[in-house]
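Written out below as C-alpha cells is the structure these notes cover.
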Amino acid sequence: MGSTPERETTDDHELVLRTKLGDRSAFEILVSRYQDRAYNVAYQILRHHEDALDVAQEAFARAYVSIARFQGKAGFYTWLYRILVNLAIDQTRARGRHNPVPRDDPEREVALREMTADPAATLETKELRQQIARAVACLPADQRAALTLREIDGLSYQEIARIMKCSNGTVMSRLYAARQKLQRILGHYAKAQ
Amino acid sequence: MTTQRFHLASGWRGRGLVIVLILVLLPFLRPIHLAAAPTVVLQAQIFLASNQPGAAPDARLAGLIAQLRKAIPYSNFLLLAAPSGRTEVGKVWRTELPGGEVQRGRVLELTPMAIDRAAIQIQARVVQARIVQGKSVSETLVDTTLKLQSGGLPVVIGGPQYQNGVLVIVISASAP
Amino acid sequence: MKALLFGRSDCSTVVQRLGAYVDGQLHANRQKQLEAHLGDCQRCTAELQRLLTLRDHIRGSLAVSLPGEDAARFWDNVERKIHKAKAPPRWGVDRFREMFWFYPKLWWASAAVLGTTVLLFTADLVLRPSIPPPTSLAPMGVPPRTVVESVEGGPNSSVVLFSTPDQQLKIIWVLERERS
C-alpha cells in the first residue's frame with residue numbers, strides 16, 4: 001500500500017512521538033495513511049458502510065486520546081487495528097448479527113442474488129465478487145476479521161494474533177475455518193480453473 | 001450510529017479471573033475478619049428479683065431462674081431487658097440499667113481486657129449517678145475483673161436497688 | 001527415495017496446513033516436508049490449487065475503498081470525536097463507559113471488589129455467633145472455670161462474693177449503704 005513497511009514504521013514512530021508532544025497534525029498524517037485500511041477492515045467485519053466509517057473514525061479518536069499509553073513495542077497500525085477490531089467485533093455482538101449483510105448497504109457491489117442452479121462456467125467478475133462478499137458476510141466476525149487482516153493487509157499470523165489478542169494457533173484455525181466455509185459456500189466457483 | 005462501546009463479554013478470561021479471585025479469597029474470610037481486631041460478644045440479662053407475685057416467667061428462662069432462686073433469696077425474677085453487643089478488646093461496652101437516683105444514670109460497663117484461648121478477661125463495673133449537693137456525681141457500685149469462658153457459664157452481679165426488689169444481672173461473653 | 005514427513009494417510013493434516021503454507025507462515029523444515037508431500041500427492045496438490053484460486057477471489061473482492069467524499073471528511077470527523085472525548089470530565093454514564101472501555105478488566109476488578117466486600121460483610125453477619133441466652137446455669141459442657149480475679153465496692157457500697165450451692169456459678173452481690 002505505497003510505502004515499505006520499514007519506512008512506514010520509522011515514520012510512524014516519529015509521528016507518534018510528535019503526537020504525544022501535542023502535534024495534532026502528525027496524527028492527521030497517521031490518519032490519512034491508515035484510514036483506507038482501517039475502513040476496509042471495519043467494513044469487512046461490520047458489512048455496513050456507515051457503521052464501518054463510524055467505527056474506523058472512533059478507533060482513530062480513541063487511539064489519539066490514549067496515545068500516551070502506546071509504548072511502541074508493536075507498530076502503530078497493530079495497536080490501532082487492535083482498537084479497531086475490538087470496536088468492530090463489539091459492535092457486531094451488540095447488533096447480535098452473525099450475517100450482517102444489511103439490505104441497505106451499498107457494498108457498492110453487493111446485491112443479494114439467488115444462486116442459479118446452473119451457473120455459467122465463468123462468472124462476471126462483479127457477480128463473483130458479490131458472491132464472495134456474501135459468503136464472507138456469512139462468516140463469524142472473528143473469522144472475517146482474521147481473513148481481512150491476512151488477505152487485505154497481508155499481516156503475519158503473529159501480527160494478527162497481537163491485534164486479536166489470541167494465539168498464532170487460533171489465527172491459523174480461524175483462517176482455516178473461514179477458507180473452508182468459503183469453499184463450501186462458493187461451491188464450484190472456487191474450483192481450480 | 002451510536003457505537004455500542006461497552007461489552008461485559010470480554011472473554012472467558014475476564015470471568016475466570018473473577019471466579020478465581022473469589023475462590024481464592026473465600027477460605028480467608030474468617031481469618032480476615034478476625035485479623036481486623038479481636039472482638040468479644042457480650043450479653044447482659046437484667047432481672048428484677050423481688051418477692052412480689054408476678055406473671056409466670058418465660059419458659060425458656062425457667063431453668064436459669066430456678067438456679068438463681070437457689071442462691072438468691074427472692075421468689076420472683078422478671079426479665080427486664082437482655083441487651084447484647086460486640087466490642088473490641090480494650091473498648092468499653094455500656095448498657096443502661098434501670099433504677100438509680102438520676103434517670104438513665106445507672107450503667108453497666110463491660111470491657112474485654114484480653115482473650116486467652118477460650119478465656120475472656122473482662123472488667124465489669126456498675127456505675128450510677130447520684131445527686132450530691134445539687135450536682136450529679138458518678139459513683140461506682142462495683143468494680144470487678146473476671147475471667148469468663150467463651151460461651152461458657154455466666155457470672156451474676158446482683159443487689160442494686162430497683163423498685164420493690166433488686167437488680168440481678170447475668171453476664172456472659174463469647175469470643176468468635 | 002523421498003523422505004516424507006507426511007505419509008499418504010496424513011493428507012488431512014497437510015490440508016489443514018495448506019493455508020499457513022500459502023500464507024508463508026510455516027517453518028522452513030515443515031514447509032519442505034509439506035512440499036515433498038505435495039510432490040507426491042495429487043489430491044493435496046489439487047486442494048492447494050483450489051486454495052490459491054480462492055485466495056485470489058477473496059483478495060479481489062474484499063478490497064473496498066473509502067468513497068471520496070467520506071475520505072475527505074474522515075479527518076474532520078475524527079477531530080470531532082477527539083474533541084468530544086477530550087471534553088471536560090463528565091461523570092455521567094458515558095464517562096464511566098469510556099473509562100471502562102479502555103480497561104475492560106476494570107469492570108471485573110470492580111465486580112470482584114464489590115463481590116468480596118459483600119461476601120465479607122455477609123460472612124461477618126453469618127459467622128458471628130449469637131449467644132443464646134443462658135437458660136440454665138447447669139454446666140453447658142464447659143468446665144465451670146469462671147474466675148473472679150478482683151472485686152471491690154464503691155464509696156457507698158460493699159460487695160460479697162459467693163457461689164451457688166453446686167459451685168457452678170459465681171455471684172457478686174452489691175450491698176448499697178443506707179443513705180442518710
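The values are calculated or read from the model by the stated rules, or taken from the named source; none is laboratory data. No experiment lies behind these values; they were computed from the predicted model shown. Every residue, glycine among them, receives a Cβ derived from its backbone with ideal geometry; neighbour counts consider all protein chains shown.
Candidates in region B:114-130 are the residues that are under 14 Å from the mean Cα position of the chain (by Cα) and of a type in the set (A, V, I, L, M); of these, the one that is surrounded by the most Cβ atoms within 10 Å (Cβ to Cβ) is B:I120. Just give me the residues in region A:63-79 being under 18 Å from A:G154 (Cβ atoms) and of a type in the set (S, T, N, Q), in sequence order. Once the filter is applied, which keeps residues that are under 18 Å from A:G154 (Cβ atoms) and of a type in the set (S, T, N, Q), region A:63-79 yields only A:T78.
Taken as a whole, the structure leaves A:V31 outside the set of residues that are under 26 Å from A:R134 (Cβ atoms), among the β-branched types (V, I, T), crowded, with 18+ Cβ neighbours inside 10 Å and at the interface with another protein chain (Cβ under 9 Å from one of its Cβ atoms).
Okay, residues lined up against (1) modelled with pLDDT of 80 or more; (2) within 18 Å of B:Q123 (Cα to Cα); (3) surrounded by 15 or more Cβ atoms within 10 Å (Cβ to Cβ); (4) charged (D, E, K, R):
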residue: C:F121; (1), (2), (3), (4): no, no, no, no
residue: C:L127; (1), (2), (3), (4): no, no, no, no
residue: C:P132; (1), (2), (3), (4): no, no, no, no
residue: C:S136; (1), (2), (3), (4): no, no, yes, no
residue: C:G141; (1), (2), (3), (4): no, no, no, no
residue: C:P144; (1), (2), (3), (4): no, no, yes, no
residue: C:S150; (1), (2), (3), (4): yes, yes, no, no
residue: C:S158; (1), (2), (3), (4): yes, yes, yes, no
residue: C:T164; (1), (2), (3), (4): yes, no, yes, no
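Once region C:30-71 is narrowed to residues that are in contact with a Phe, Trp or Tyr (Cβ under 6 Å, 6 or more places away or on another chain) and assigned to a helix (DSSP H, G or I), the residue that is farthest from the other protein chains (Cβ to nearest Cβ) is C:H37. Cβ-Cβ contacts under 7 Å between residues 6 or more apart (or on different chains), taken from a first residue in region C:13-42 that is assigned by TED's automatic domain parsing to the domain that holds C:D56 to a second residue that is outside any helix (DSSP H, G or I) and of a type in the set (S, T, N, Q), are listed as C:Q25/A:S156.
Say whether the condition of being in a helix (DSSP H, G or I), modelled with pLDDT of 85 or more and not small (G, A, S) is met by at least one residue in region A:90-102. Yes, region A:90-102 has at least one match. Among the residues making up region B:100-131, those that are in a strand (DSSP E or B), more than 10 Å from chain C (Cβ to nearest Cβ), farther than 18 Å from B:S84 by Cα and of a type in the set (A, V, I, L, M, F, W, C) are B:A114, B:I115, B:A129, B:I131. For region B:45-98, the set of residues classified as over 24 Å from B:P176 (Cα atoms), of a type in the set (G, A, S) and surrounded by fewer than 19 Cβ atoms within 10 Å (Cβ to Cβ) consists of B:S50, B:G54, B:A55, B:A56, B:A59, B:A62, B:G63, B:A66, B:S75, listed by residue number.
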